[in-house]
Amino acid sequence: MKIPLSWLQLSHEKVRLFVAIAGITFADVLMFMQLGFRDALFDSSTKMHKTLEGDLFMLSSQSDSTAFSSRFSRRRLYGIAGIKGIEYVTPIYIGSADWKNPELGNTRRIFVYGINPLYSTLKLPGVEQNIEKIKFPDVVLFDRLSRLDFGPIAQNYQQGKTVVTEVSGRKIRVGGLFSLGTSFGADGNIITSDINFLRLFPNRDPGLIDMGIIKLEPGVDRDLILKTLQTKLVDGDVQVFDFDGLIVHEKKYWQTRTAVGFVFTLGTIMGFIVGIVIVYQILYTDVADHLPEYATLKAMGYTDLYLLGVVFQEAIILAIIGYLPSVSLTMLLYFGAANATGLPIAMSATKAITVFVLTGVMCAASGAISVGKLRTADPADIF
Amino acid sequence: MKHQKNEVIVIRNLSHFFGEGILRKQILFNINLTLKSGEIVIMKGPSGSGKTTLLTLIGALRSPQSGSLQVLGQELVGTNRRKMVKIRRQIGYIFQGHNLLECLTARQNVQMSIELHNNLSSEEAKQKSIAMLEAVGLGDRVEYYPHNLSGGEKQRVAIARALVSHPQLVLADEPTAALDSKSGRDVVEIMQRLAKELGSTILIVTHDNRILDIADRILEMEDGRLRVNHIPKAS
């Protein structure tokens, strides 16, 4: 084995190495935190989707996010119900209405989901137990994790009081509680039957729905049906996703069409740039300090390529040993942040790999900038 | 011009310029010089006389411009970078500053030179480096870092590094400049002894009059011209 010059060069100066590692770890933790918060917020925006009981999901082609969905004709949904392998289809109506705070009398926008109570469309604690109640006229289920601005609904309900208020000017009664939680789109949620939904939104055409749930018979090839539907519905006004596709579709909206995705992406880029600057500083100083030594190596007959290799190896070594402590540090910070904010913030393989690749690119980029200095190592100068 | 086997360096009408346009300045004027195999030659001359420029040209560290410069049978005028790098590997360099790599031990520094010639296993290279360090009297300093060596010891490591690959040509620039007279004397005597054993040709640029006696021949540079080319009196 040849002498590992890059490693020896790095490890020879312990303080500088420590500073380099600390710098890269810092940049990595910065990126991890930005990505962590971003993912956590996106995860919260798909909370509702994750509770959907279905195999395939139909949305309007115009629809970017269920929080602001476009509607489509329910005939599109029922039109495919006869396809072999499909057990049933059921629509969801989504809308936002003014909820009157029963204590203060002011109103706030609340998300309303209208589902067919014959199917367990939403696998949410509290919904299944109370599904019979929403069959009654003007009875809704209230999200106990809604913001407090809607009034002390959950407390009152749990104390056995009859909670009555107005939604869009129509008197309703709270028949039960469930736990979903807020997201970017919704400060609070209520669930009711499709019939009650249309009572709350008298101007809405019952034929236009926001989402269609497609439940397949057990043992049916989901991907095959998805392909069939996608081919059948091509150029149409609806699109069909499987669960993963639906989540990606929803997240993509928040990532690319809203400032939220941009802000955190920007934060990640900042961390990335900070990392480049730090690694560049370290590598540049390293090259500058060892210029006579590198020139000597050139005079002895070492090629420019060899020296480029040394600098890039240093970059990669720094990337790896700076990355490792950042993972454990990040997990600690995620734990603290999750406790403090209630956001589902946690380490994932995707984030770990993303940041590792970014660190590699970061160090390679710094290496590429600092090798410019290598060219000034002129062997003719050292005699 | 035909290359003869025992001629290590053949220089004919070599001139060299620095700068461009009106700033262009001639540094070397029609240098003619032949160094034979096994010769120890000292080049003297005041600062700015062009002797270091000549040394860097011979060492393939700088591209020669006109005339003819043959080193180890290779014409360097008009040659490309890759050939220059190849020539460098056949030459042992000893610099004024020792220019050892601070992050490597004495043995590793010597080994860096062996590794350029890709034919030894790492164990062989290690053994050879240690043997060379023993030959320069540093058998007990093998795993020392340059930081912990004296000036004379560092220069001896540099000699070991320059000679470990048995180069036919050794170029030394003021090898004793940073040393006291005793260490300086030791260093040149080691160089002389090893070069004789290996049959290497040595070209030393120096101001140090105390070491002139080791030379077979003394050259004197002045204002870019090779003035005298004489044999020293036997001392």
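Across peptide B:47-58, the average count of Cβ atoms from other chains found within 10 Å of a residue's Cβ is 1.
Approximating the spin labels as points 7 Å out from Cα along Cα→Cβ, the A:D98-to-A:T376 distance works out to 7.0 nm. With N as its number of residues, segment A:62-236 has a Cα radius of gyration that, divided by 2.2 N^0.38 Å, comes to 1.11.
Estimated from helices alone, the mean residue ellipticity of the protein assembly as shown at 222 nm is -14000 deg cm²/dmol (sum of -39500 (n - 2.57) over DSSP H runs with n ≥ 4, per residue). Calculated on the alpha-carbon coordinates, the convex hull of segment B:17-116 measures out at 158 cubic angstrom per residue.
Note on exposure: A:E293, B:E220, A:E53 ranked by accessible area (1.4 Å probe, complete protein assembly) read B:E220, A:E53, A:E293, with the most exposed listed first. Contact with the other protein chains removes 10 Å² or more of accessible area, compared with the isolated chain and a 1.4 Å probe, from these residues of segment B:151-177: B:R161, B:D173.
Bridging of B:K126 to lysines at a Cα separation below 21 Å is possible for A:K2, B:K154, once same-chain residues fewer than 8 apart are set aside. Temperature 25 °C, viscosity 0.890 mPa s: under these conditions the Stokes-Einstein estimate for segment A:87-174, based on its Kirkwood radius over C-alpha pairs, is 177 µm² per second.
Given a Förster radius of 41 Å and the C-beta distance between A:N203 and A:M347 as r, what FRET efficiency does 1/(1 + (r/R0)^6) yield to the nearest 0.05? It comes to 0.30.
Just checking the listed ones, A:G367, A:G267, A:G207: in the Gaussian network model of chain A with Cα springs under 10 Å, the one fluctuating most is A:G207. Can you give me the accessible area per residue for segment B:1-121, using a 1.4 Å probe, in Å²? For segment B:1-121, the solvent-accessible area averages 44 Å² per residue. Net charge in the neighbourhood of A:P125 (other residues with Cβ under 14 Å of its Cβ; Lys, Arg +1, Asp, Glu -1) is +1.
Among A:110-116, A:315-321, the peptide with the highest mean count of other Cβ atoms within 10 Å heads the list, and the full ranking is A:110-116, A:315-321. Other residues whose C-beta falls under 11 angstrom from the C-beta of A:V163 contribute a net charge of +1, scoring Lys and Arg +1 and Asp and Glu -1. With all projection directions averaged, the alpha carbon convex hull of segment A:1-151 covers 18.8 nm².
Measure off, as a whole percent, the carbon and sulfur share of the 1.4 Å-probe accessible area of segment A:62-236, all protein chains present. Ligands and nucleic acids excluded, carbon and sulfur give 48 percent. The residues of segment A:62-236 expose, per residue, 48 Å² of accessible area to a 1.4 Å probe. Computing FRET efficiency as 1/(1 + (r/R0)^6) for B:R225 and A:S11, where r is the C-beta to C-beta distance and R0 is 45 Å, gives about 0.35. For B:R217, put the label point 7 Å out on the Cα→Cβ axis and report which residues of segment B:31-72 keep their amide N under 13 Å from it. Counting only backbone N, you get B:32-43. Distances between every pair of Cα atoms in chain B, grouped in 5 Å steps from 0 to the bin holding the largest one, split as 1, 7, 14, 18, 20, 16, 12, 8, 4, 1, 0, 0 percent. Its Cα gyration tensor gives segment A:15-90 an equivalent ellipsoid; the semi-axes, largest first and in whole Å, are 47, 14, 10.
A:H249 contributes about 30 Å² of solvent-accessible surface, heavy atoms of the protein only, 1.4 Å probe. Per the Cauchy relation, a quarter of the hull surface: what is the mean projected area of the convex hull of the alpha carbons in the protein assembly as shown, in nm²? For the protein assembly as shown, averaging the hull's shadow over all directions gives 42.5 nm². Under a Gaussian network description of chain B, with springs only between Cα atoms under 10 Å, the residue in B:S68, B:S121, B:S113 that fluctuates furthest is B:S121. Over the Cα atoms of segment A:287-383, the radius of gyration divided by the Kirkwood radius equals 1.24; this is the Rg/Rh ratio. Peptide A:3-9 has a mean shielding of 5, counted as Cβ atoms of other protein chains within 10 Å of each residue's Cβ.
Taken residue by residue and averaged, Cβ atoms of other chains lying within 10 Å of the Cβ of A:370-381 number 2.
Would you look at the GNM of chain A, springs on alpha carbons closer than 10 Å, and say which of A:T66, A:T25, A:T162 moves the most? Between A:T66, A:T25, A:T162, it is A:T162 that shows the largest mean-square fluctuation.
When the alpha carbon coordinates of segment A:242-347 are projected onto the principal axes, the ranges are 62, 29, 25 Å, largest first. In whole angstrom, note down how far apart the Cα centers of segment B:165-189 and segment B:122-152 are. Segment B:165-189 and segment B:122-152 have Cα centres separated by 16 Å. Distance from the Cα centroid of segment A:313-360 to that of segment B:1-50 is 60 Å (rounded to whole angstrom).
The values are calculated or read from the model by the stated rules, or taken from the named source; none is laboratory data. Note that this is a predicted model, so its numbers are computed, not measured. For neighbour counting, all protein chains shown are included, and Cβ atoms are generated from backbone atoms with ideal geometry for every residue, glycine included. Quick note on the areas: whole protein, heavy atoms, side chains included, nothing else; ligands and nucleic acids left out. Shrake-Rupley method; radii C 1.70, N 1.55, O 1.52, S 1.80 Å.
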